[in-house]
Amino acid sequence: IKDEPVKFDNYSPSNYGGRFYGIVTVRTALAKSINIPAVKILNDIGISTGIATAQSMGMEFADSDQNNLAIALGGMTEGVSPLILARTFATLGDRGAYKDYTTIRRIDDSFGRTLYEYRPQKQQAISEETAFLVSSMLQSAASTGGTASRLNGLNVAAKTGTVQLPDTKEFTNIDGSNDVWVAAYNPEYTLTVWMGFDKRTSENYLPAGTVGGNYPTQIAR
C-alpha cells in the first residue's frame with residue numbers, strides 16, 4: 001500500500017510526525033502505526049464492512065461513526081472503554097472466536113459446591129486464518145522496530161495508540177497528547193492500558209513525547 005498524502009472529501013489523514021513512507025506492507029504499517037494505509041484499506045472495503053466486522057468482535061460504535069473514515073485510526077465519536085477494547089482484542093487471541101466478558105467466573109458455597117459457573121457462549125466472529133494473520137502482524141508491532149517494542153521478548157501481539165490534543169483554541173501552542181493506549185494479548189491473556197485525564201483541560205493533559213509506545217507499553221510489560 002502506498003503511504004502518501006491523500007484526501008477523502010474533506011478528510012486528510014496524516015501520520016505521526018508528518019512523515020510518508022511510500023510503498024509499505026500491511027505488516028509494516030501496523031507495526032509502525034502508519035495511519036494512511038489503515039484509512040486507505042477501510043475506504044477500499046467500505047466503512048460498513050469494517051464496522052460490521054469490528055462489531056462482531058465486540059467493538060461498539062455510535063450512529064455518527066457510520067460515515068467516518070477516521071474510525072480506522074480510532075477516531076470515534078464516543079470512544080471505547082479499556083474493557084471493550086480488551087474484549088475485541090481477546091477475539092484475535094482466541095482464534096477469532098468472540099465471547100462476552102464477565103467479572104464473576106464461579107461461585108462456591110462453604111462446602112466447596114459450585115452454585116454458579118460462567119459458561120461463555122462463543123461465536124466465530126472472524127476466521128481462524130484471519131485471526132492468525134492479524135496476530136502475526138501485531139507480533140511485529142511488539143518486536144524490535146515496532147511501536148510496542150518494549151514488549152519484545154514476551155511473545156505477545158500488541159497495538160499502540162496515541163490521540164492528539166484537540167485542534168481547538170484552548171490547546172493552541174500546547175504540545176502534548178490527549179490520551180495514549182496499548183492493547184497486548186496472547187492466547188491466555190489480554191491486557192489494555194490507558195493513560196489520560198478524565199477531564200482534560202489546558203492544565204491537565206499528557207506532556208509532549210507521551211505516546212502509546214512508551215509509558216503504557218512499559219506498564220503493560
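Would you mind checking the pairs K32/K99; K2/K99; K99/K169; K99/K159 and listing those with alpha carbons more than 31 angstrom apart? Over 31 Å apart, Cα to Cα: K2/K99; K99/K169.
Think of the stretch 51-158 as having a plus end and a minus end, set by charges on the Cβ of Lys, Arg, Asp and Glu; of Q55, L133, T114, T114 sits farthest toward the positive end of this dipole. If you split all Cα-Cα distances of the chain into 10 Å bins from zero, what percentages do you get per bin, shortest first? Result, from short to long distances: 8, 29, 37, 18, 6, 2, 0 percent.
Contact order for the stretch 38-122, expressed relative to its length and based on alpha carbon pairs under 8 Å spaced 6+ residues apart, stands at 23 percent. Rolling a 1.4 Å probe over the protein heavy atoms gives the stretch 77-120 an accessible area of 71 Å² per residue.
Net charge in the neighbourhood of D3 (other residues with Cβ under 12 Å of its Cβ; Lys, Arg +1, Asp, Glu -1) is +3.
Its alpha carbons considered, the stretch 62-151 gives a radius of gyration followed by a Dmax of 17.7, 56 Å.
Could you let me know the centre-to-centre spacing of the stretch 29-60 and the stretch 79-95, using Cα atoms, in angstrom? Cα centroid to Cα centroid, the span is 15 Å. Quick one: with all protein chains in place, what share of the accessible area of the stretch 129-221 is carbon or sulfur, to the nearest percent (1.4 Å probe)? Roughly 50 percent of what the probe reaches on the stretch 129-221 is carbon or sulfur.
The values are calculated or read from the model by the stated rules, or taken from the named source; none is laboratory data. Computed from a predicted structure; not experimentally measured. Glycine gets a Cβ as well: all are built from the backbone with ideal geometry, and neighbour counts include every protein chain shown. The area values use the complete protein model at the heavy-atom level, side chains included, leaving out ligands, DNA and RNA. Shrake-Rupley method; radii C 1.70, N 1.55, O 1.52, S 1.80 Å.
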